[in-house]
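Bear in mind these aren't lab numbers, they're just calculated from the coordinates by the rules spelled out. Not measured: the values here are computed from a predicted model. Virtual Cβ from ideal backbone geometry, glycine too; neighbours counted across all protein chains shown.
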Amino acid sequence: MSTEATDAPLIDVENLSVVIDRDEGVVRPLNGVSFRIDAGQAVGIVGESGCGKTMTSNALLRILPPGAKITSGHIRYRRKLDEQVVDLATIDSGSAEMRQIRGGDISMIFQEPMTAFSPVHTIHNQIAEMIQLHDPMDDQAARRRVVELLDLVGISGPDERADDYAFQLSGGMRQRAMIAMALASKPRLLIADEPTTALDVTVQARVLKLIQRLQRELGLALMLITHDLGVIAHTVEYVYVMYLGQVIEEGPVVEIFDNPAHPYTQALLHSIPSLTNKDKRLEPIEGSVPSAFALPTGCPFHTRCTKQVGDKCKRQMPAHVEVSKGHYASCFIHTEEGS
Amino acid sequence: MLNYIIRRVLLMIPTLVAISVLIFIIIQLPPGDIITSRLQELQAEGQDISEEQIEALRARYNLNDPLHIQYFKWIGGILVGNMGYSVMYGQSVNNLIWERLGFTLLITFSATLLTWLIAFPVGVYSALRQYSVLDYAATLMAFVGLATPNFLLALVLMYLGYEWFGIAVGGLFSPEYASADWSMGKLGDLLAHLWIPAVVIGMGGTAGMVRIMRANLLDELGKPYVTTALAKGLHPIRLVIKYPLRIALNPFISTVGWMLPHLISGAAIIAVVLSLPTTGPLLLDSLKNQDMYLAGSFLLMLSALTVIGTLLSDILLAITDPRIRYE
């Protein structure tokens, strides 16, 4: 996929853990997450709410909420400036170096474009700020670039729309403007955190197509975070399935859909309606996501799993093993001892 | 925008007319009038006043006219800038008020300035470093400040000023300057006296404003647009100033106009305690003594300032907040 000469991934996250110290106790939203994204590759991260998807993306940019900190792991990122690999997990989150990477190298699209824009600044003001932050230029040049970007994301009358406030645009237009802002400083990695969840169904598909088209045309790496398997099916090449702050299955998108290996992924796929098989009843996943204050021991999914192989599910974390080429899962049904 | 302002100004007219009628009715409501009570005072002192003198007085204050004629005479006078005559002070209301307005504005203005200079930085710091030692200290001080009655603080400061520095801190001038002409010495003397009322009046407001500033900013700091701006790579200090702080100021802007009536009526009790030559005690006295023209003019001025202040606030808010402007 990658057109880069080098084989090193763009970003390589290894065993990343985050804890949040709260008055009520210690929360562990990430427990050793590992994944990698190559330059120009589109990757999906899937999971229910509370599985740590958003925490992962915030950790990459080091914009974790107060009280949260990275306790272990590495985020090796090959930066635009000099192709140097830097570890974003250990870099000072307040440093100029980190600020340069935010927006300039890795940028983000958020779930709620209405509240993600400031209500009292125009779209132009906020996009131009992003441009000038990473590429100092005069106001007229920045203005031309803003209009160019709005045109690129398919906003008609970009020159007039630029002076609108977020609340004057429709939901779809707002998300397009958000995408324009994310692309403003020519990032290498675009993180889209539930980019279509807040939109009307009819608009969702168009915004998704836009993201996909821009990703290919601009050669961006894409990290698409969603709870909606339908969203990733046609957008990404490779999928990571997360549960309670861990990656429990990963593989090429077709493999995940056709041969899901982890009971959680299987249950997730059974819980979405199918157009081709209308007689099949939907099967919800039993129980609910355990509290992040009291994580289960052993396999995190054992409290809801219908395919337990014995007592060790409760005691031991299964290894992440290859079940077919490039397709990995963490479940005892695939380890030698388990079968 | 211009249409909006014109419409609002036109709406002010019926509002003020209604308020003036209400005020006039209210000051007429208590039984008796100031002439009767004045008369009783004089008779108690053993003075004899003839019927003609009483009639002359009543005629002079239009007390023999029917109520609605009295109202029109009063309001007509105000429209041409004559607010009537105070029986209690034996002076025109205009004189009484103008004489004190300057000092009142000076004191309220310096108290407000002091309030803002302290409350804004402390409130912002408290929000940015929530639950830090200094935040807890600021919170404690704010609650103490809110819980202490201002007049008590005034008394304490007066006592301490006298005990420690040997100065009489009441009033705005030392006796030797009180009736002197303006000079550098008198100005210095004024400044030496000004800080006590400024601190006393400002303190309650400062405490309250620290809490409001902190709460407003904390609300805004949790908003998604802050995360967006952070993810752009903006420096945290520039970010706070440009986005959340700017929006956290809107509630202030929407109430800043209410300061206008406060300029005149504010801190009457403290002014009494500190014997300040301001309008507050004058208003209090006029109400106690049924000095109808003085009280009426005061109340009308306060109402007019409230209405104008609200309009100013709304216009300012429309300028700073596009969500209001485009509604």
One checks the Cα atoms of the stretch A:116-186 and finds Rg and Dmax, in Å, of 10.7, 31
Here P(r) for the stretch B:221-327, Cα-Cα distances in 5 Å bins, as whole percents, is 2, 11, 14, 13, 12, 10, 9, 8, 8, 6, 4, 2, 1, 0
GNM on chain B, Cα springs under 10 Å; top mean-square fluctuation among B:83, B:301, B:12 goes to B:12
Computed on Cα atoms, the radius of gyration and Dmax of the stretch A:3-58 in angstrom are 14.3, 49
Hull volume per residue for chain B, using the convex hull of the C-alpha atoms, in Å³ is 202 Å³
Output for the stretch A:221-278 (equivalent-ellipsoid semi-axes, sqrt of 5λ from the C-alpha gyration tensor, Å, descending) is 18, 14, 11
Summing -39500 (n - 2.57) over every DSSP H run of at least 4 residues in chain B and dividing by its residue count gives a helix-only mean residue ellipticity at 222 nm, to the nearest 500 deg cm²/dmol, of -24000 deg cm²/dmol
Residues whose modelled amide H sits under 5 Å from the amide H of residue A:223, counting only those 5 or more places away in sequence or on another chain, are A:43, A:190, A:191, A:192
Over all pairs of different Cα atoms in the protein assembly as shown, the reciprocal of the mean inverse distance gives a Kirkwood radius in Å of 30.8 Å
Listed by chain and number, the lysines with an alpha carbon less than 24 angstrom from that of residue B:223, same-chain partners under 8 positions apart left out, are A:53, A:69, B:232, B:242
Quick calc of log₁₀ I(q)/I(0), the stretch B:1-160, Debye, one scatterer on every Cα, no solvent, q values 0.12, 0.14, 0.17 1/Å, result -0.90, -1.00, -1.13
Helix A:171-183: inclination vs chain A longest Cα principal axis, degrees, rounded to 10, gives 80 degrees
Note on chain B: helices (DSSP H) long enough, at least 27 Å by alpha carbon along their axis, and hydrophobic enough, mean Kyte-Doolittle at least 1.0, are B:2-28, B:93-128, B:292-320
Asserting the computed 222 nm helical MRE of chain A (DSSP H runs at least 4 long, -39500 (n - 2.57) per run, divided by residue count, to nearest 500) equals -8500 deg cm²/dmol
Mean projected area, convex hull of alpha-carbon positions in the stretch A:265-334, reported to one decimal in nm², is 6.1 nm²
Taking r as the C-beta separation of residue A:321 and residue A:269 and R0 as 25 Å, the FRET efficiency to the nearest 0.05 is 0.80
Rounded to the nearest 0.05, FRET efficiency between residue B:325 and residue B:17 (Cβ-Cβ, R0 25 Å) equals 0.30
Relative contact order of chain B (C-alpha contacts under 8 Å, at least 6 apart) in percent is 26 percent
If the chain between residue B:55 and residue B:176 were fully extended at 0.36 nm per residue, the gain over the current Cα-Cα distance would be 39.2 nm
Full extension between residue B:218 and residue B:183 adds, at 0.36 nm per residue less the Cα distance, a length in nm of 7.8 nm
Rounded to the nearest 5, the percent of antiparallel DSSP beta bridges in the stretch A:185-339 equals 70 percent
Fraction of alpha-carbon pairs in the stretch A:167-302 farther than 19 Å apart, rounded to whole percent, equals 59 percent
For the stretch B:106-286, inverting the pair-averaged 1/r of distinct alpha-carbon atoms gives a Kirkwood value in Å of 18.4 Å
In nm, the gap between the two label points placed 7 Å beyond Cα toward Cβ at residue B:28 and residue B:40 is 2.2 nm
Quick P(r) readout (the stretch B:1-92; Cα-Cα; 10 Å bins; whole %) gives 13, 37, 27, 14, 7, 3, 1
Along principal axes, largest first, the alpha-carbon spread of chain A in whole Å comes out as 67, 49, 47
Whole-Hz Karplus couplings 3J(HN,Hα) for the stretch A:107-116, θ = phi - 60° and coefficients 6.51, -1.76, 1.60, Gly and Pro as x, run 10, 10, 10, 9, 5, 10, x, 5, 8, 7
Once residue B:256 and residue B:95 are pulled to full extension, the length gained, defined as 0.36 nm per residue separation minus their Cα-Cα distance, is 55.1 nm
Chain A, Gaussian network, Cα under 10 Å: of A:20, A:11, A:232, the residue fluctuating most is A:20
Taking Cα pairs closer than 8 Å and at least 6 residues apart, the relative contact order of chain A in percent is 19 percent
